[in-house]
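Following: one structure in structure tokens, then a few remarks.
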Amino acid sequence: MIPEAILGLRCCQCDWEGPSVPFTYTCPDCSDNLDFIYDYDRINAFCTPLSLNKDHDASLWRYLPLLPVMKAPENRSLRVGGTPLVDFPRIAQNNGISRLQIKDDTRNPSGSLKDRASELAIQHAKELGHDKIIAASTGNAGSSLAALTAYHNIQSIILAPATAPPAKLTQILQYGAQLVPVNANYDSAFDLAIELSKRHNVYCRNTGVNPILAEGKKTVALEIAEQNHWKVPDHIFIPVGDGCIISSVYKGFFDLLSLNWIDTMPALHAVQAEGSAAIVNSLSNEHDIQAVSANTLADSISVDQPRDGTKARRAVIESDGQGFLVSDSNILTAQKLLSEATGIFAEPAAAAAYAGFLQASATGLFKGDDHVVLLVTGSGLKDTANAQKLLRSIEPVAATLADLETFLDSFQD
Ligand SMILES: *Cc1c(COP(=O)(O)O)cnc(C)c1O
Ligand SMILES: [Zn+2]
């Protein structure tokens, strides 16, 4: 069975188009990534902003008519998606813009935006009759898959670099997934997971190479539009590693434009760490994407060969966005400043979006009436070791009032 509004799959690189059943992960002709194509008139016939208004499901499943699966799972109250979009007038004012909002995707069940993709992939895998899912991960895709496969009662195998942040590896084990720490980087784990998935016919949740994941992640764009009553922001800052999140955000707004529910595409800005800059490099040099040897403390965006590079480039170019490169020290500073200004603790990769925003602001990118959204993709509790680098360590105090007063005085300057 095929969801009624689905027309098929289309390659993002060559002009291959084909059916979505039987399911193919990548293009049979050029092996680049695929997009789901929809019959937008069909969707508009049974789903509109008005009908959504009456839907009380706050999870991403409220957008089922815009998703390529047959149905929503029965249990969805753990709630993936439906994350807050929070206004920060003080940050807006300090940067001379009219509005600054943070889409706080740390507030997903496993603490990152990856839950949106895992949630949809699990439903898709079940509909295809699979009982096991494999993924390679720098940490978050794996901890997300582990959490949600526990919730939806299906098995998962997760390959992650043994050097991933301990909290992320702990999450994977804690949720009962089969963790395979590999003595190699993310890129090698990625290729291994695909081989195993093919050889043993296990459903594969590797970023980029499965178009379902982009459909799950695009719900963050649908929410940003709906939470702003279908008036989209001018700019969105997105941390980029493999490029799947930014291309999914593009796909979400692309769908909404095609449905005529919104009338402009926000500028989608790609923020990468200087040490992991394959996509942003390709934007400024206008060459194809060339692999780098990644080196950044922002592990979630540390990628040699981006697995969704073609679509990510398209997202930035078609939306009139720009690429921004930030250093690791910019990221750590931004991480601290963001927490102090907002009460939101972002992991380094997520804080990169704020570092990119500050850089854009300093270079005069914005106009006075601009409305900007920052995508905060993952929680800082997943990687406290990096954040601690900027914190001063504090000696314990004896439990007397005098010691306490002396202690507090020492903090006045
Ligand atoms: C995965 C991830 C990213 C980067 O997403 P890509 O699709 O690889 O570009 C950014 N931030 C966090 C927290 C992530 O987990
Ligand atoms: Zn192709």
Exercise. Could you list all residues from segment 127-174 that are within 16 Å of ligand 1 (Cβ to nearest atom) and over 16 Å from D383 (Cβ atoms)?
Key: A135, A136, L145, A146, A147, L148, I158, L159
Quiz item: Of all residues in segment 74-97, which are of a type in the set (D, E, K, R), over 21 Å from D370 (Cβ atoms) and under 21 Å from the mean Cα position of the chain (by Cα)?
Solution: R76, R79
Self-check item: Test result for K71, modelled with pLDDT of 95 or more, part of a helix (DSSP H, G or I), over 27 Å from Q335 (Cβ atoms) and among the charged types (D, E, K, R)
Solution: no
Exercise. Could you list, in sequence order, all residues of segment 180-203 that are surrounded by fewer than 21 Cβ atoms within 10 Å (Cβ to Cβ) and part of a strand (DSSP E or B)?
Key: V180, P181, V182
Self-check item: Top-ranked residue in segment 263-289 [being in a loop (DSSP other than H, G, I, E, B) and farther than 20 Å from T138 by Cα; ranked as nearest to ligand 1 (Cβ to nearest atom)]
Solution: I289
Practice problem: Mind counting the residues in segment 362-401 that are of a type in the set (G, A, S), surrounded by fewer than 18 Cβ atoms within 10 Å (Cβ to Cβ) and either within 16 Å of ligand 2 (Cβ to nearest atom) or assigned to a helix (DSSP H, G or I) (or both)? | Solution: 2
Exercise. Could you list, in sequence order, all residues of segment 17-31 that are farther than 17 Å from E215 by Cβ and either buried (at least 17 other Cβ atoms within 10 Å of the Cβ) or more than 14 Å from ligand 2 (Cβ to nearest atom) (or both)?
Key: P22
Quiz prompt | Qualifying residues in segment 148-193 (those that are modelled with pLDDT under 95, over 20 Å from the mean Cα position of the chain (by Cα) and among the small types (G, A, S)) - the one farthest from K114 (Cα to Cα) | solution = A184
Self-check item: Matching entry among L85, L34, L52, L78 (being crowded, with 18+ Cβ neighbours inside 10 Å and closer than 30 Å to V376 by Cα)
Solution: L34
Quiz item: What is the one condition in (1) crowded, with 24+ Cβ neighbours inside 10 Å; (2) away from ligand 2 (no atom under 16 Å from the Cβ); (3) at negative phi that S247 does not satisfy?
Solution: (2)
Self-check item: Qualifying residue in segment 83-103 (condition: within 16 Å of ligand 1 (Cβ to nearest atom) and either within 24 Å of L259 (Cβ to Cβ) or in a helix (DSSP H, G or I) (or both))
Solution: yes
Quiz prompt | Breaking point among (1) touching a residue at least 12 places away in the same chain (Cβ under 8 Å); (2) within 22 Å of I194 (Cα to Cα), for M70 | solution = (2)
Exercise. Would you please name the residue that is nearest to ligand 2 (Cβ to nearest atom), looking only at residues in segment 205-231 that are surrounded by fewer than 22 Cβ atoms within 10 Å (Cβ to Cβ) and either at pLDDT below 95 or not in a helix (DSSP H, G or I) (or both)?
Key: W230
Exercise. Kindly indicate which of D320, D308 is surrounded by fewer than 19 Cβ atoms within 10 Å (Cβ to Cβ), in contact with a strand residue (DSSP E or B) (Cβ under 8 Å, 6 or more places away or on another chain) and within 27 Å of D255 (Cβ to Cβ).
Key: D320
Quiz item: How many of the residues making up segment 323-355 are charged (D, E, K, R), closer than 21 Å to S112 by Cβ and away from ligand 1 (no atom under 15 Å from the Cβ)?
Solution: 1
Quiz item: What pairs come up if the first residue lies in segment 324-347 and is surrounded by fewer than 17 Cβ atoms within 10 Å (Cβ to Cβ), the second is modelled with pLDDT of 95 or more and not hydrophobic (A, V, I, L, M, F, W, C), and their beta carbons are under 8 Å apart, counting only those six or more places apart or on different chains?
Solution: S327/E274; L337/Y354; S339/G380; A341/R90
Exercise. Report yes if I262 is touching a Phe, Trp or Tyr at 6+ places or on another chain (Cβ under 6 Å) and without any contact (Cβ under 8 Å) to a residue 60 or more places away in the chain, otherwise no.
Key: yes
Quiz item: Does any residue of segment 263-273 turn out to be farther than 20 Å from Y40 by Cα, within 16 Å of ligand 2 (Cβ to nearest atom) and at pLDDT 95 or above?
Solution: no
Exercise. Pull up segment 32-50, narrow it to residues that are among the aliphatic types (A, V, I, L, M) and in contact with a helix residue (DSSP H, G or I) (Cβ under 7 Å, 6 or more places away or on another chain), then point me to the one that is farthest from ligand 2 (Cβ to nearest atom).
Key: I43
Quiz item: Among the residues of segment 111-126, how many are part of a loop (DSSP other than H, G, I, E, B) and either at positive phi or without any contact (Cβ under 8 Å) to a residue 60 or more places away in the chain (or both)?
Solution: 1
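The values are calculated or read from the model by the stated rules, or taken from the named source; none is laboratory data. Fair warning: this is a prediction, and the values are worked out from it, not measured in the lab. As a convention, Cβ positions derive from the backbone with ideal geometry for all residues, glycine included, and neighbour counts pool all protein chains shown.
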